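The values are calculated or read from the model by the stated rules, or taken from the named source; none is laboratory data. Model, not experiment: these values are computed from the prediction. Ideal geometry is used to build each Cβ from the backbone, glycine not excepted, and the neighbour counts take in all protein chains shown.
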Amino acid sequence: MTVRVGVIGAGWIGKEHIRRLTHTVTGARVTAVTDIDAARAEEAAAPAGARVLPDGAALIAADDVDAVLVTSWGPTHAEHVLNAIAAGKPVFCEKPLATTAEDCLKIIEAETAHGRRLVQVGFMRRYDAGYRQMKQVIDAGGIGEPLIVHCAHRNPTVPESYTSAMAALDTAVHEVDVLRWLLDDEIVSTQVVTPRATSKRFAHLKDPQIMLFETAKGVRIDLEVFVNCQYGYDIQCEAVGEEGLVRLPDPSSVAVRTAGQHSTTVLTDWVGRFADAFDTEFREWIANLAAGTEPTGPSAWDGYAATVITSATVEALESGRVVATDLKPRPTLYGGTA
């Protein structure tokens, strides 16, 4: 079975996923594309041989669209996801699921009323080989009960439009999701500490930031977000347990010895770092759809939790306080008891 996918949003990430579904992932075909910029939609659709539709509602209703991929501007995500659920069509939504907790809850309520999972959220780190190996070790009890997790998320630079709140909402959101998954535990509070600021930042930006999370089981997490580190794109994660530790491996890179130095390269962007994870993410999503099974990746509940936790982290940054996350009870559709 070929899964016919309609794409809402033809910006950079939309075009990249269209390329991925057309040339890398088997069993999928992009049949329709829409974007607020019609010329951009035409440009993105052409390589896939897809048609251009006027808006998201028309695309979701189209007979030649079996599943929907939402890669539009964040504030539009909730509308498109809710329309897809109403049409009974599976929908893959790039993060954020929605920009407010209230809209996330509307999606959860709609999906719960539908009676089965339709929504998957684009948190690709769960598909990275290194993180998956870490999870296998933790789940098997290889380090005993986790106690502490140390993380770092470093970018070489960010544009002037990047704000202090984006450190949580756009950057740390990936750690928030993958740590909840790695530990099978919920984050219940958040705090932000701002050390000496780098001179390499724009004046309006608080950088670096240290985010401190506590989970329901008492695990303490520290996350350094440093988006002007200059030297490269560097993702680090180390979980310390009662009987050992497990560390995320650095990306594979040859070692060079020359001119009295021993060196390896450091990646400079997230595209190269997580390209394989993106491919795996979409292969598994399409395989689930082709088999007629529910998606197994990050759920609407995970999207809701990430929005609540990152919003609380922004509040912690602005207030200087420890902020409780106050998640609603998890519905049974997502493995809860509510």
Matching residues, the stretch 267-295, being modelled with pLDDT under 95, in a loop (DSSP other than H, G, I, E, B) and exposed (fewer than 15 other Cβ atoms within 10 Å of the Cβ): D269
Which listed residue, of A168, A152, is in contact with a strand residue (DSSP E or B) (Cβ under 9 Å, 6 or more places away or on another chain), in contact (Cβ under 8 Å) with a residue 60 or more places away in the chain, surrounded by 20 or more Cβ atoms within 10 Å (Cβ to Cβ) and among the small types (G, A, S): A168
The stretch 215-234 residues that are closer than 17 Å to D250 by Cβ, paired with ones that are of a type in the set (D, E) and in a loop (DSSP other than H, G, I, E, B) (beta carbon under 8 Å, 6 or more apart): F226/D207; Y233/D269
Whichever residue in the stretch 201-211 is among the hydrophobic types (A, V, I, L, M, F, W, C) and without any contact (Cβ under 8 Å) to a residue 60 or more places away in the chain and, among such residues, is surrounded by the fewest Cβ atoms within 10 Å (Cβ to Cβ): A203
Some residue of the stretch 111-129 being surrounded by 18 or more Cβ atoms within 10 Å (Cβ to Cβ), over 24 Å from P295 (Cα atoms) and in contact with a Phe, Trp or Tyr (Cβ under 9 Å, 6 or more places away or on another chain): no
Residue that is surrounded by the fewest Cβ atoms within 10 Å (Cβ to Cβ), among those in the stretch 303-319 that are out of contact with any strand residue (DSSP E or B) (no Cβ under 7 Å at 6 or more places or on another chain) and hydrophobic (A, V, I, L, M, F, W, C): V314
Total residues in the stretch 125-168, condition touching a Gly at 6+ places or on another chain (Cβ under 9 Å) and of a type in the set (A, V, I, L, M, F, W, C): 5
Close pairs (9 angstrom Cβ cut-off, 6 or more residues apart or separate chains): free of Cβ contacts under 8 Å to residues at least 24 places away in the same chain and assigned to a loop (DSSP other than H, G, I, E, B) in the stretch 318-338, surrounded by fewer than 11 Cβ atoms within 10 Å (Cβ to Cβ) and aliphatic (A, V, I, L, M) anywhere: P329/A338
